[in-house]
Amino acid sequence: MSSLTHQPEWQHLKTLVESVKDTHMRDWFKADPRRAEKMQTETCGLFLDYSKNRVTDEVMSGLMSLARAGKVEQQRDAMFSGQPINQTEGRAVLHTALRNLTDEPVYVDGEDVMPEVKATLDKMRAFTESVHSGEHKGYTSKPIKDIVAIGIGGSFLGPKIMTEALKPYQHEGVKVHFVANVDGCHINDVLAGVDHEETLIVMSSKSFSTQETLQNTKTAKSWFLGNGAAQKDIAKHFVAVSSNVKAATEFGIAKDNIFPMWDWVGGRYSLWSAIGLPICLSLGFDHFHSLLKGAHAMDKHFCEAPLESNMPVIMAMLGIWYRNFFGAQSHVLLPYYHYLRGLPAYVQQLDMESNGKQVTQQGDVVDYETGPIIWGSEGTNGQHSFHQLIHQGTSLIPADFMLPLNVPNQDDTHHAMLASNCFGQTQALMQGKTFDECYADLSDTDMDEATRKAIAQHKTMPGNKPSNTLLFNSLTPEVLGSLVALYEHKVFVQGAIWQVNSFDQWGVELGKVLGNQVLDGINGDASSEKFDASTQQLIAHFQRANALK
Ligand SMILES: O=P(O)(O)OC[C@H]1O[C@H](O)[C@H](O)[C@@H](O)[C@@H]1O
């Protein structure tokens, strides 16, 4: 048994799960009229109702004891104070410093990083304002109308999804297009729709070595030069965000056009850094700043609130409850707001890249489950497809519902329907519908008894399916900042309990290396010993189809 599973707090939860497994949540609601009122918490403009979970007060207190035994608070403090908690890479983890809006210094290896953070924010503000005002012009003196933001993974999802979520705040006159995939269809389609004289390319790559991003930028450069611009004009049309200034300069980006970031910012935690430049260009710097403000408020809550009312801790420990004690394999995110439709994909990278691990910080193989599969999409669309499996499938799938109480540009009829569907789903998942209710519903039919029973059986919904509901007044930049930071800290707490390093990604790194190796094979000798027979065969098919051999 590992050091985690032999803890008395873990063992206690194992006993507790047996005692609550057979109880239906509807009985808890009936027995305690104050359940909903007790199992809710509110911070940073976010209201969380977690009463529709398979927990009692005793379970919640058991989960908080596990968090204390797992030294979540100490690990949190180590992160915020710049300790090198990303042990496999020997790095601090300080995305929180990027939104530190206090005057407090933050030290990495004895050096205060805040002056550099603030100088970069100033540079982002100045650049955004010069593009928006038309002061920054293209090489033919035309103002910039289109931004093509090139990046992948954390250098793409954050800027893309936050910009999309804040559509009502977008700056008129500048349109941002995101390109990630190395599939040439995407970059070619985007470039075909813009005028090179009025376009700015923002290339974002922390490492400046990611194949997809480098290739897409090269393609954009050829397109720019191929349309009649000269090498010297690149300075007005290409900027880069990277921690690898040397590689960016060698690539041909003017030094002044490079926005720095640091190795203590993980890719999937980087939207708060200069990786957020496309967000600034899309929304204006002030809205980007509000995003930071919201995240900072959640940081404060995470650091200061007692565990029992600490929103990220509550959500994390509920996740542990289902993953480790109920065997839940996945967790679904259901934003009931069209503009927030990208959040599941964002949290997917955040969570699965962080906690998709099988060894502890000490290098021991775990004997318990770690990160779940994260998935989801916008409501109400999912109700007409995959919700079926959540309601009546054989797996337990905890869900996070989220809904703004007010939305822009919409009449009340639509919004009330949206809300009623959201709340209705949480209720149906929790209550279900009993066999007797379904059987009674069929009383007016002319079915014979056996058919009536069989149909009632099909219609029966077990219920007892857990969900959280997050409400917020409206999705302002500040609230979005808090919401994203909430999920970041939830993931952190779970990683702390599971004793994994949530800040490296060796599996993904291997993919990057293999991609380049196979490319060499495609362009050269596919029979190389580096490839297994299946891969050799696939490469040979590709080579034949493309006459590469
Ligand atoms: O910003 P880059 O260095 O180009 O990296 C882009 C992405 O690469 C990998 O896929 C990492 O796992 C991601 O976390 C990272 O965001």
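Just so it is clear, none of the values below were taken in a lab; they were calculated from the coordinates. Only a predicted model underlies this, so the values are computations on that prediction, with no experimental measurement involved. Virtual Cβ from ideal backbone geometry, glycine too; neighbours counted across all protein chains shown.
Remark: segment 144-200 is approximated by an ellipsoid whose semi-axes, taken from the C-alpha gyration tensor as √(5λ), come to 18, 17, 8 Å, largest first. Centre-to-centre, using Cα atoms only, segment 335-351 and segment 406-444 are separated by 22 Å. Global dimensions of the chain from alpha-carbon coordinates: Rg and Dmax equal 25.7, 84 Å. Each residue, residue 7 and residue 71, gets one label point 7 Å from its Cα in the Cβ direction; the gap between the two is 1.1 nm.
With helices as the sole contributors, the chain gives -14500 deg cm²/dmol at 222 nm; each DSSP H run of n ≥ 4 counts as -39500 (n - 2.57), and the sum is divided by every residue.
Over all other residues within a Cβ to Cβ distance under 15 Å of residue 249, the charged ones net out to +1, with Lys and Arg as +1 and Asp and Glu as -1. From the convex hull of the Cα coordinates of segment 1-149, what is the mean projected area in square nanometres? Computing the convex hull of the Cα atoms and averaging its projections yields 16.1 nm². Express in whole angstrom the spacing between the alpha-carbon centres of segment 79-143 and segment 1-66. Taking the Cα centre of segment 1-66 as reference, the centre of segment 79-143 is 39 Å away. If you take the alpha carbon atoms of segment 82-223 and fit the smallest convex hull around them, that volume is 145 Å³ per residue. Report, in degrees rounded to the nearest 10, the 0 to 90 angle that the Cα long axis of helix 506-523 makes with the longest principal axis of the chain. The angle comes out near 50 degrees.
When the convex hull of its Cα atoms is viewed from all sides, segment 140-293 shows a mean projected area of 8.6 nm². Relative to the longest principal axis of the Cα atoms of the chain, the long axis of helix 412-431 lies at roughly 50 degrees. The alpha-carbon atoms of segment 89-168, seen along their principal axes, cover 47, 27, 26 angstrom, with the largest extent given first. Take every DSSP beta bridge whose two residues both sit in the chain; close to 30 percent of them are antiparallel. With neighbour counts taken as other beta-carbon atoms within 10 Å, the residues 366, 202 rank, fewest first, as 366, 202.
The calculated P(r) of segment 350-444, using every Cα pair and 10 Å bins from 0, goes 11, 30, 27, 20, 9, 3, 0 in percent. Shape summary of segment 277-318, radius of gyration then Dmax from alpha carbon positions: 14.0, 39 Å.
Rg over Rh for segment 121-161 works out to 1.06, using Cα positions for both radii and the Kirkwood form for Rh.
Measuring nothing but how far apart in sequence close Cα pairs (under 8 Å, 6+ apart) lie, relative to its length, segment 95-159 scores a relative contact order of 15 percent.
Mean sequence separation of contacting Cα pairs (under 8 Å, at least six apart), scaled by the length of segment 416-497, corresponds to a relative contact order of 33 percent. Helix 343-355 and the long axis of the chain differ in direction by around 90°, with both axes built from C-alpha atoms.
Over all directions, the projected convex hull of the C-alpha atoms in segment 396-549 averages 19.4 nm² in area.
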